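Everything below concerns the one structure shown next.
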Amino acid sequence: MAENFKKSYKFAYLSSLYITILSTLAMSVFLLVYSIFNPYLIIGFVLVCYAICFLVIQYRLEKFIYRRVRRIYDDIEMLEVDTIDDGPVTTDMKTLIKEVEKFAQKRKTEIETLKIREAYRKEFMGNISHELKTPLFTVQGYILTLLDGAMENPKILDKYLNRANKGVERLIYIVNDLDMITKLEAGDLNLNYTNFDVVELVQSVFDLYEMKAAAKNITLTFDMAYSNPIMVHADKERIQQVLSNLIVNSIKYGRENGTTEISIEDLIRNKTIVRITDNGEGIAQAHIPRLFERFYRVDKSGSRKEGGSGLGLAIVKHIIEAHHERIYVESDYRVGSEFSFTLEKVKKFPVVDVSTKTT
């Protein structure tokens, strides 16, 4: 903490002036009474009185205020605050009050932020414990049943082991998603940028989830026939993960005999936007601001029956933001939803025809 001070002389100036004026008036009256009035004596008294008063008052103020102001700054420094300037400490009360008020306002904002984070942490811990508890108890239940004698029946043994295996697979799925989102939030996940055809990538995701969609008679389709490739610059594997999560969600919450449609459009000169639209359940507007939070579920009961880690949309958001792109959502309850995200287009350079000869 700086020990030098930005001194303020205003108080000493005015106080010395007031004392000198009053003392001079008193002395002038005294001299007039005793008929020994001398203008030179008065002038000398004024100068000496003002100088002495100024020096004493300024010295006492600095000694008095210095200790208290330094204590204030030392107390702030103990809080390991890095917002306090390293410049000279001021003894001007007006400036000091402003600095303390500014400091107090920042601390108030930080405290409010910490309260919000604490509430979010509690909710997060509750969600993650619930997500892990369900498959763990399921696996434990099947194993205990087998240990109690059910393993003697080959049919029950095979069925329960398969169900326990599904519970373990769900645990692995949740842990993998947690590991992924932790890396994304910490910035430890490196992106491997390549140029690829996003139309081809969408079609490969369609092929991957064709059977899952067929189980609900949901049609996976493009909005039009894309005869030419649309080249983008991004991490192909991560964008495939984004498309997979969004398409699986549209299937999961889509209605029977519904449609999941993808369109790819030019947004601006160097951006392409990919839209995933469905005519499923839709999302109420009240849920949209929290839609990309970890473990946040719109339908607390039904969504758990559908499975999933509850981290899919949070991972999608982090992947898109890691590309320095934007993701959007629009939804009408009981009408359908549209998720869209932008990607950088591959720059096209003009082709020069070198075969043309000039004469």
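Quick rundown of the values:
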{"quantity": "Exposure proxy order (Cβ contacts within 10 Å, fewest to most) of Ser28, Ser129, Ser16", "calculated": "Ser129, Ser28, Ser16"}
{"quantity": "Assigned charges on the beta-carbon of Lys, Arg, Asp, Glu; the range 119-186 dipole about Cα centre (debye)", "calculated": "100"}
{"quantity": "FRET efficiency, 1/(1 + (r/R0)^6) with R0 35 Å, evaluated for Arg121 and Ile172 via beta carbons", "calculated": "0.90"}
{"quantity": "Thr260, Thr113 arranged by Cβ crowding within 10 Å, fewest neighbours leading", "calculated": "Thr113, Thr260"}
{"quantity": "Leu147-Ser227 FRET efficiency (beta carbon distance; Förster radius 45 Å; 0.05 resolution)", "calculated": "0.15"}
{"quantity": "Dipole in debye (nearest 20) - the range 169-297, about Cα centre, beta carbon charges: Lys, Arg +1; Asp, Glu -1", "calculated": "320"}
{"quantity": "Taking Tyr34, Tyr296, Tyr59 and counting other C-beta atoms within 10 Å, the order from fewest to most", "calculated": "Tyr34, Tyr59, Tyr296"}
{"quantity": "Chain lengthening between Lys347 and Ala104 when straightened (0.36 nm per residue, less Cα-Cα)", "calculated": "82.5 nm"}
{"quantity": "At R0 = 35 Å, FRET efficiency that the Cβ-Cβ distance of Lys155 and Glu200 yields, to 0.05", "calculated": "0.20"}
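Readers should treat all values here as calculations from the given coordinates under stated rules, not as data from a laboratory. Nothing here was measured: the structure is a model prediction, and the numbers come from that model. Quick reminder, even Gly has a Cβ in these numbers, built from the backbone with ideal geometry, and neighbours come from all protein chains shown.
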